[in-house]
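**Student:** Okay, here's the structure, questions in a sec.
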Amino acid sequence: MIRKWKEGDWAVYRKQKSSTSPGQRAKMVNPSTSGETYRYMVEKYWIVDRVLPDGSLVLRTRRGKEHVVAIDDLNLRRPNLIEKLFRRSRFTDFKPCQSGVSSQSLPTS
C-alpha cells in the first residue's frame with residue numbers, strides 16, 4: 001500500500017547538478033565528455049508545503065524556496081529511519097515560507 005503525501009511530510013529529493021568541483025555530499029559523480037566538469041546527484045531534504053489538485057507536491061527548502069514536483073518523480077522519496085534520526089536538523093531547521101512559488105519550479109504549459 002502506498003502512503004499518500006500530506007502537508008508537513010518530510011521528503012528527500014535527489015537533484016542532478018553539474019560543476020567543476022563536486023561537494024562532499026555528491027553521489028554518482030561522472031566526468032563530462034570534455035573532462036572539465038562533473039555531473040552528480042545531491043540529496044536535498046525538503047518538506048511538503050502543500051499537495052496540488054493535480055497530485056503534484058509543492059516542496060519547501062530550508063531557505064524558503066518552493067519547487068513543484070510530480071508525485072511519481074523517481075527522484076522523490078520518503079526519508080529512511082537513519083535519515084530521520086541523523087539528518088533531523090535538515091528537516092526541522094526551516095526558515096519561514098516565501099510568498100508564491102518560484103517561476104523556475106513551475107511546470108510549463
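**Student:** Would you please name the residue that is surrounded by the most Cβ atoms within 10 Å (Cβ to Cβ), looking only at residues in the range 24-37 that are part of a loop (DSSP other than H, G, I, E, B) and either touching a strand residue (DSSP E or B) at 6+ places or on another chain (Cβ under 7 Å) or at pLDDT 90 or above (or both)?
**Tutor:** Restricting to residues being part of a loop (DSSP other than H, G, I, E, B) and either touching a strand residue (DSSP E or B) at 6+ places or on another chain (Cβ under 7 Å) or at pLDDT 90 or above (or both), the top hit is A26.
**Student:** Still on this structure, I have one more. Kindly indicate whether any position in the range 1-17 is of a type in the set (S, T, N, Q), at pLDDT 90 or above and at negative phi.
**Tutor:** The answer is no, given that none of the residues of the range 1-17 is of a type in the set (S, T, N, Q), at pLDDT 90 or above and at negative phi.
**Student:** Return the residue satisfying two criteria in turn: it lies in the range 1-23 and is farther than 16 Å from R60 by Cβ and basic (K, R), and of such residues it is surrounded by the fewest Cβ atoms within 10 Å (Cβ to Cβ). I'd like the intermediate steps shown before the answer.
**Tutor:** So the first thing to find is which residues in the range 1-23 are farther than 16 Å from R60 by Cβ, and the list is 1-4, 14, 16-23.
Next, only the ones that are basic (K, R) stay: 3-4, 14, 17.
On the way: R3: 7, K4: 9, R14: 15, K17: 12.
Filtering the range 1-23 for residues that are farther than 16 Å from R60 by Cβ and basic (K, R), the one surrounded by the fewest Cβ atoms within 10 Å (Cβ to Cβ) comes out as R3.
**Student:** Also, quick follow-up: Got a sec? Which of Y13, Y40 is farther than 19 Å from K65 by Cβ, hydroxyl-bearing (S, T, Y) and not in a loop (DSSP other than H, G, I, E, B)?
**Tutor:** After ruling out the rest, the residue left standing is Y40.
**Student:** Which of the residues that make up the range 46-90 are part of a loop (DSSP other than H, G, I, E, B), touching a residue at least 60 places away in the same chain (Cβ under 8 Å) and surrounded by 14 or more Cβ atoms within 10 Å (Cβ to Cβ)?
**Tutor:** Answer for the range 46-90, where residues must be part of a loop (DSSP other than H, G, I, E, B), touching a residue at least 60 places away in the same chain (Cβ under 8 Å) and surrounded by 14 or more Cβ atoms within 10 Å (Cβ to Cβ): I71, N75, P79.
**Student:** Does V42 qualify as being modelled with pLDDT of 85 or more, β-branched (V, I, T), in contact with a Lys or Arg (Cβ under 6 Å, 6 or more places away or on another chain) and more than 24 Å from R3 (Cβ to Cβ)?
**Tutor:** When the stated conditions are applied, V42 passes them.
The values are calculated or read from the model by the stated rules, or taken from the named source; none is laboratory data. Predicted, not measured: the structure shown is a model, and the values here were computed from it. FYI the Cβ positions are ideal-geometry reconstructions off the backbone, even for glycines, and counts take in every protein chain you see.
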